[in-house]
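Heads up, the thing below is written out as structure tokens.
Nothing in this text is a laboratory measurement; each read-out follows from the coordinates by a stated rule. Nothing here was measured: the structure is a model prediction, and the numbers come from that model. Counting neighbours? That spans all protein chains shown, and the Cβs are built from the backbone with ideal geometry, glycine included.
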4 protein chains.
Amino acid sequence: MTIRTVVWGENIHERENAIVRDIYPDGMHATIASALNKDPEVEATTATLQEPEHGLSVERLAETDVLVWWGHKAHGDVSDEIVERVASRVWEGMGLLVLHSGHFAKPFKRLMGTPCALKWREAGERERIWTVNPGHPIAAGIPENFVLENEEMYGEFFSVPEPLETVFISWFAGGEIFRSGLTWRRGAGNIFYFRPGHETYPTYHDANVQQVIRNGVKWAYNPMPRYGAVHDAPNVPVEEALEPITERGPRLHQAGEEGYK
Amino acid sequence: MTIRTVVWGENIHERENAIVRDIYPDGMHATIASALNKDPEVEATTATLQEPEHGLSVERLAETDVLVWWGHKAHGDVSDEIVERVASRVWEGMGLLVLHSGHFAKPFKRLMGTPCALKWREAGERERIWTVNPGHPIAAGIPENFVLENEEMYGEFFSVPEPLETVFISWFAGGEIFRSGLTWRRGAGNIFYFRPGHETYPTYHDANVQQVIRNGVKWAYNPMPRYGAVHDAPNVPVEEALEPITERGPRLHQAGEEGYK
Amino acid sequence: MTIRTVVWGENIHERENAIVRDIYPDGMHATIASALNKDPEVEATTATLQEPEHGLSVERLAETDVLVWWGHKAHGDVSDEIVERVASRVWEGMGLLVLHSGHFAKPFKRLMGTPCALKWREAGERERIWTVNPGHPIAAGIPENFVLENEEMYGEFFSVPEPLETVFISWFAGGEIFRSGLTWRRGAGNIFYFRPGHETYPTYHDANVQQVIRNGVKWAYNPMPRYGAVHDAPNVPVEEALEPITERGPRLHQAGEEGYK
Amino acid sequence: MTIRTVVWGENIHERENAIVRDIYPDGMHATIASALNKDPEVEATTATLQEPEHGLSVERLAETDVLVWWGHKAHGDVSDEIVERVASRVWEGMGLLVLHSGHFAKPFKRLMGTPCALKWREAGERERIWTVNPGHPIAAGIPENFVLENEEMYGEFFSVPEPLETVFISWFAGGEIFRSGLTWRRGAGNIFYFRPGHETYPTYHDANVQQVIRNGVKWAYNPMPRYGAVHDAPNVPVEEALEPITERGPRLHQAGEEGYK
């Protein structure tokens, strides 16, 4: 088993901002992919906004088990067609990890069905991340809490749907808390949001952060074959009913007719 | 307290199809609104696809506590602008009841973030609805099971997100089951999906169905003032931090700058 | 509608400790009951450990809609018979609010099925309580955050089941966070745990805390008639099956026999 | 990785009833263990009520990753000490599968905190099990529905807590439905309840049933080291606080004192 993972990076701050470039000379996506490839069960490659189809062609997504997403400045530049394609693959069973400012990424908002808004402050303040679900696979090997000395603050209310499970909650020096590790299932696809990762700090070089992302990829991986049926709304004809029934009363549709969508 | 409720009807089958018109001479929406108005705490009016802005102007939605939605044949004719407007009001606290074929209505799919697909068969078969959460307010006064002698079958997999709670599950004579009563919260808005209600059967004249819809409106009603903050992603400046902190390290945004969306 | 509420107090610290007595001269339970009685929809009385049957006779519980529980030093003195009686009433529809050190109260542990353990520190440190579910009825009228200047710290991992919804999360000056407002349903009974309320601080005189408890009582109130069927495991004889079926194959039980428990 | 699994069987019907013995000559537990051992990742052994400590000594449970439980006639004969031992191991990370009439088993009721009651009828009627969460690991390789031609009926209301996820729902020929595959997490332990398996029918010889149980064992397996901290309620002294704080105000406990339980 190898989990074919694509780390998608917006790839703008790294090129335009010297501070970010110094921390991530090959781009944040490269650092994250490299952290994932430390695990022999994961095979991570990268894709960026600037590539044709943002690097997410139909063919490539078909061979992707888990997609990791980091975006910030250019959410609006992501094509709506690609957003639908990503959402569709998630419903069919592709895992999705959304990192930090990706809370406003189009595919995440599309899958959540909510604004995904939050408070923020860029002050390099201390963040302490607490594990509130120590038995969850995403928390494997993570201590009961760990510190990121410099991070952007994100504060509640984080307007996402109530998660399947809450795995991490952050404490910030400035007085806020934030639900930092949340899981959902959508169709056959597992989704994990993980908060840390502001571009001006070396967060993705942190050993615990890397471990959480590796755990997240493994948790999100769904080995089942592509679940194409998630899109279908099949008519089950009376003569194929599982139990014998007789058609009764009026009906709207002719035999064999498609339903309305 | 009066719960200002709008029952939205697509209002096509009732006009084009004699069978449906015979059952619902004033339209399905009128029958549903009338059932709601039996409760002194509810004040229900109607809106239809054919009205300007589908009867859902900004002003009207601002004065709507709960919206009930029935659509089928013309999902695609609902304007995307109105869909966003409805979703936005739900996040701000408006309740939403989605009935039967509304599973494919644009506002519902928008809020779920999933395909909302299912199996179906139009054979007038027996449906028996079981209460699996008897203490839930939506089940108040509903027996442990009740029968709809003629209904369209809906079968699993119903591709919606795992609900907050499952209230009803249907048994069908042809061998299928279906999760028929499901709840979610999105932002400050409560959402209830209720399965029965095919247009060629007198389902909305059934006393239990009417009671469930009344219960659903009361459960979905959120008396809090409009929660406009759900859309905001405010910056919290360092000098306004709740605990005294000092700005440290590099930052991307200038003071007072908006975040990226 | 009047919600008949009983505030149960252990009533030991108030009598043995001068500091606690100064803050709550009539007992913590009296202060809480008084805060509840400010609401015309609530009629709160008190019961204490020292009364016969701890003040929770079968008759009294039968007439109790919501029970509020504060205990700390004498959890072990609560009779197991009363614990079963309380749990049973919750399953039948009585609401239950568990406050602060009540996390280790026998009825709460009985209903959760987990240890309900947590970290703690008694240093009078600052607690800031954040609303993470602003549309929830329990958060009605509560600001996005409020401060208790002196409180005991509770820290994660709080070993309770994943809640139905998380309403509040606390930030502590010493670096911890805690899921402070959690809801569950057990049978027909609604349960709300609310963290604040160490006996040596004036927490139950705080306006926001009082409001949360009032909201909690209203949310937990289930107006349905006592749901006695929650205890039953009835046999449904073949001849009374909802659909006609014929008995087939061997069976273990004789007709009319009770099932095994 | 080998998942050390113990299949616990009450082992009474198989010895006392000729019909059951004919179907399961070595006991139901042996058939289930044998089905599990078809998977190279699972190493299943058995334990029975009649063994010393019911075959569940401290040492054995310490080396058990997943426990599978089948009981019916003799729930009351299971020692309360063993029940606490099993619950404790679940909180520490041992997986638990509860089968069929195990809904009334003491360890299950202990972990659920509810009556776990349901309706029943022993008529050898047709059960059709529907997958309502096709992307869940427990549904891997299971068709959208499968039939057990002869089974005991279980009907709602099944008085368990709202599950983490609903995986299977059953349709019965006599008109009932039942939530047949449910998951919970308690502490670090994963719990799966699976309905089928009445002793007078050959259910555990069914290929789909065997596959679900294998999937369930793999899903319930938590590879983390024993999570002993789930039992602790440690004091965090002021001088060891993560952020520097000063002790303020009165306190109840002396330094180093244990908390109340």
**Asked** How fast does region A:143-234 diffuse by Stokes-Einstein, in µm²/s, taking the Kirkwood radius from C-alpha pairs at 25 °C and 0.890 mPa s?
**Response** 162
**Asked** Mind listing the Cα extents of region A:1-143 along all three principal axes, in Å, largest one first?
**Response** 41, 38, 33
**Item:** Distances in nm from D:Ser34 to the matching label points in the other copies, shortest first (labels 7 Å along Cα to Cβ)
**Value:** 5.5, 6.5, 7.2
**Message:** Beyond a 26 Å Cα-Cα separation, which of these cross-linked pairs lie in this structure: C:Lys73/C:Lys119; A:Lys73/A:Lys109; B:Lys218/D:Lys109; D:Lys73/D:Lys109; C:Lys106/D:Lys218?
**Reply:** B:Lys218/D:Lys109; C:Lys106/D:Lys218
**Prompt:** Which whole number gives the average, over all residues in A:11-20, of C-beta atoms from other chains lying within 10 Å of the residue C-beta?
**Reply:** 1
**Request:** Two decimals is fine: what is log10 I(q)/I(0) at q = 0.07, 0.08 Å⁻¹ for the protein assembly as shown, from a Debye sum with one equal scatterer on every Cα and no solvent?
**Result:** -0.61, -0.82
**³J(HN,Hα), Karplus 6.51/-1.76/1.60, whole Hz, each residue of region A:47-56, x for Gly, Pro** = 8, 9, 3, 6, 6, x, 6, 6, x, 10
**Item:** Phi to ³J(HN,Hα) by Karplus 6.51 cos²θ - 1.76 cosθ + 1.60 over region A:85-100, Hz, x for Gly, Pro
**Value:** 5, 5, 4, 4, 5, 5, 4, 7, x, 6, x, 9, 10, 10, 10, 6
**Item:** 5 angstrom amide H check on B:Asn190, placed H, neighbours 5+ away
**Value:** B:Gly95, B:Leu96
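For region C:178-222, what is the per residue volume of the convex hull drawn over the alpha-carbon atoms, in cubic angstrom?
Given the Cα convex hull of region C:178-222, per-residue volume reads 74 Å³.
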**Request:** Give a residue-ordered list of calculated ³J(HN,Hα) values for region B:20-30 (Karplus: 6.51 cos²θ - 1.76 cosθ + 1.60, θ = phi - 60°; whole Hz; x for Gly, Pro).
**Result:** 5, 5, 5, 6, 10, x, 9, x, 4, 4, 5
**Request:** Report the calculated FRET efficiency for A:Thr2 and D:Glu53 (r = Cβ-Cβ distance, R0 = 35 Å), to the nearest 0.05.
**Result:** 0.20
**Request:** Calculate the spin-label point distance for D:Lys38 paired with D:Glu247, positioning each point 7 Å from the Cα along the beta-carbon direction, and give it in nanometres.
**Result:** 6.4
**Request:** Please find, in a Gaussian network model of chain C (springs between Cα atoms separated by less than 10 Å), the residue of C:Ala188, C:Ala74, C:Ala35 whose mean-square fluctuation is greatest.
**Result:** C:Ala74
**Request:** Using only the alpha carbon atoms of region C:111-171, find the Kirkwood hydrodynamic radius as the inverse mean reciprocal pair distance, in angstroms to one decimal.
**Result:** 13.0
**Request:** Could you please state, rounded to a whole Å, how far the C-alpha centre of region D:58-123 is from the C-alpha centre of region D:125-199?
**Result:** 17
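Can you give the mean number of other chain Cβ atoms that lie within 10 Å of the Cβ atoms in peptide C:128-138?
Taking the mean over all residues of the peptide, I get 6.
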**Request:** Output the relative contact order of chain C, whole-number percent, from Cα pairs under 8 angstrom with separation of 6+ residues.
**Result:** 19
**Item:** 37 °C / 0.692 mPa s Stokes-Einstein diffusion coefficient of region D:68-190, Kirkwood radius on C-alpha pairs, µm²/s
**Value:** 214
**Asked** If you build a Gaussian network model of chain C, linking Cα atoms that sit under 10 Å apart, which residue out of C:Glu127, C:Glu152, C:Glu144 swings the most?
**Response** C:Glu144
**Request:** Obtain the nm distance between the two label points defined at C:Glu63 and B:Asn208 by a simple spin-label model: each point lies 7 Å from its Cα along the Cα-to-C-beta direction.
**Result:** 3.6
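Semi-axes, largest first, in whole Å: what does sqrt of 5 times each Cα gyration tensor eigenvalue give for chain C?
So the three semi-axes of chain C are 37, 20, 18 Å.
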**Request:** Evaluate the distance, in nm, between pseudo-label points positioned 7 Å from the Cα of A:Glu81 and of C:Met224 along their respective Cα→Cβ axes.
**Result:** 5.1
**Asked** For chain B, what does -39500 (n - 2.57) per DSSP helix run (n ≥ 4), summed and divided by total residues, give at 222 nm, in deg cm²/dmol to the nearest 500?
**Response** -6000 deg cm²/dmol
**Request:** Mind computing the radius of gyration and Dmax over the alpha-carbon atoms of region C:15-79? Å is fine for both.
**Result:** 13.0, 36
